[in-house]
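Colleague: For reference, the structure I am asking about is given below.
The values are calculated or read from the model by the stated rules, or taken from the named source; none is laboratory data. Values in this document were obtained by computation on a predicted structure and should not be read as measured data. Methodologically, a virtual Cβ is constructed for each residue, glycine included, from the backbone with ideal geometry; neighbour enumeration extends over all protein chains shown. We work out accessible area using only protein heavy atoms, side chains counted, and drop any ligands, DNA or RNA first. Shrake-Rupley method; radii C 1.70, N 1.55, O 1.52, S 1.80 Å.
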Amino acid sequence: MADSAQTDTHIGSGSRRGWRLHGDGRTIAPGEKVLPEERLSWPRTISIGAQHVVAMFGATFLVPLLTGFPPSTTLFFTAIGTLLFLLITKGMMPSYLGSSFGLLAPIGAVTGFSATAGEDLEPHAMALAQGGIISVGVTLALVGLVVHFVGVRWIEVTMPPVVTGAIVALIGLNLAPAAWDWVKAAPLTAVITIVAILLTTVLFRGMLGRLSILIGVLIGYGAAWLQGELDFSTVTEASWVGLPAFHAPAFDLGYLGLFLPVVLVLIAENIGHVKSVAAMTGRDLDHLTGRTLFADGFSTILAGSGGGSGTTTYAENIGVMAATRIFSTAAYMCAAVIALILSMLPKFGEIIATIPPGVLGGAATVLYGMIGMLGVRIWVENKVDFSNPINLNTAAVSLIVAIANFTWTPGGLQFEGIALGTASAIIIYQVMKAIARWRGTDPDLVAENFAEAAHRPDAGVGADPSEADPNGIDDAPREPGSPS
């Protein structure tokens, strides 16, 4: 391959300045890819950057609309966060930091905002939610520092795939009632939006198929307009050019239990992003994991400080890279600049804010379900064995706790479904695993012992593997619920 020699180039030294031109800057030969430190001609790079803005646009703007936060302010901080992310990762990790859906549930729990109520978000409630967002950012940044100096192994031990998948899944499933509330406000518009998203996914190839959320929202918006569900009064009053509205945060320790579990989701998303980019570029990027986590944490702190939603890496932009084979961080710099310009057009922000509840409900139904299925995807890709009762009970209890939104308020602190479900997943897995290993009832350990016994030099034909088992186990791993 033409770029094979470049793939072996040492990266991360910080000595490189700018981006080198890929070939003639106009074409990409079959089988080649544009690496992070490369770029095409600037007009082409800017167009790819605009494509990244379009890819993240639908999901990123849905977060402030679902939470009542100012859309322009959120877009402003995603742009600033992306620029800082590129700087902190030394231009070697391509990513756009869009709005995190993991924060929807805790923000909603604090603010009580409903898109169907027709009321503005209460300023003090918004400030308290911002304080929670900042706490997530600070924690994530600290985790990033630890990972940078210690490594990522401790995260993998604490949160194996069964736990990570459960946490990601329970956040999406916990949000399901909110989607239903929006759908009830305008059922026909919501159904049109859902159908448009689903059909776009399968009718179109390439980028159009990947922009199903954005296209579905546009079609739903048109349907809402035909039914007279839109109010453009705020659009006509807005200026053409101006800074976004910034808001100061406030803090209440009682809400920490709602927000801190989201850190685990952001860790999983960021690590997954690093692994995805590494697989597509053919590079080992593990040494950038700590920088990635810290950069996302720092970006989330800034967003919370000024009135924006927390940030995270985006699967939508991974899709663009997979389709184009262009991993240039110069394109992401252009995307951030384009988003920054759009955030300073108040009339544009007010147009976005006119998206009605029915459209939000339709899009949220798909997106919240996608979040839940991302957790399932983690289980599938890591081949989590649910015939193992430890894995089965870890997922079962944590999901029910989150879906039913169990609540616990000790000493003025408030812990709801996501926090309790997250804690359940981690604690149940670790405690059951420890007891099972101590008692010799861990199916994984039993399988390991049988495998070791079968491969021992002195294990003759017909040898009883249980005799070589130091734990004295004399039967194969049982199915959950099977009689002993």
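Colleague: Subtract the Cα-Cα distance of ARG325 and ARG437 from 0.36 nm times their separation in residues, and report this length gain in nm to one decimal.
Modeller: 35.8 nm
Colleague: Right, something else. Volume per residue, Å³, of the convex hull around the alpha-carbon atoms of region 277-388?
Modeller: 180 Å³
Colleague: Write out the chymotrypsin sites (Phe, Trp or Tyr not before Pro) in region 235-310 meeting two conditions: DSSP loop, and at most 16 other Cβ atoms within 10 Å of their Cβ.
Modeller: Taking region 235-310 and a limit of 16 other Cβ atoms within 10 Å, the loop chymotrypsin sites (Phe, Trp or Tyr not before Pro) found are TRP240, PHE246, PHE251.
Colleague: Give or take rounding to whole Å, what are the principal axis extents of the alpha carbon atoms in region 232-323, in descending order?
Modeller: Extents along the principal axes: 51, 39, 19 Å.
Colleague: What accessible area per residue comes out for region 52-165, rounded to a whole number of Å², with a 1.4 Å probe?
Modeller: Accessible surface, normalised per residue, equals 30 Å².
Colleague: Now a separate question. Residues of region 380-422: accessible area per residue at 1.4 Å, in Å²?
Modeller: 52 Å²
Colleague: Counting other Cβ atoms within 10 Å, which trypsin sites (Lys or Arg not before Pro) in region 139-206 have at most 13 and lie in a DSSP loop?
Modeller: Answer in residue order: ARG205.
Colleague: Beta carbons within 10 angstrom, averaged per residue: use that to sort the peptides 187-193, 415-421, highest first.
Modeller: 415-421, 187-193
Colleague: Calculated FRET efficiency, ASP231 and ARG205, Cβ-Cβ r, R0 41 Å, to nearest 0.05?
Modeller: Plugging the Cβ-Cβ distance into 1/(1 + (r/R0)^6) gives 0.65.
Colleague: Using a Debye calculation, one point per C-alpha and no hydration shell, please list log10 I(q)/I(0) for region 154-296 at q = 0.14 Å⁻¹ in order.
Modeller: Values, matching the q order: -1.14.
Colleague: In whole Hz, what ³J(HN,Hα) sequence does region 341-353 give by Karplus (6.51, -1.76, 1.60; θ = phi - 60°), x for Gly and Pro?
Modeller: Using θ = phi - 60°, the values come out as 5, 4, 5, 9, 10, x, 5, 4, x, 5, 4, 4, 5 Hz.
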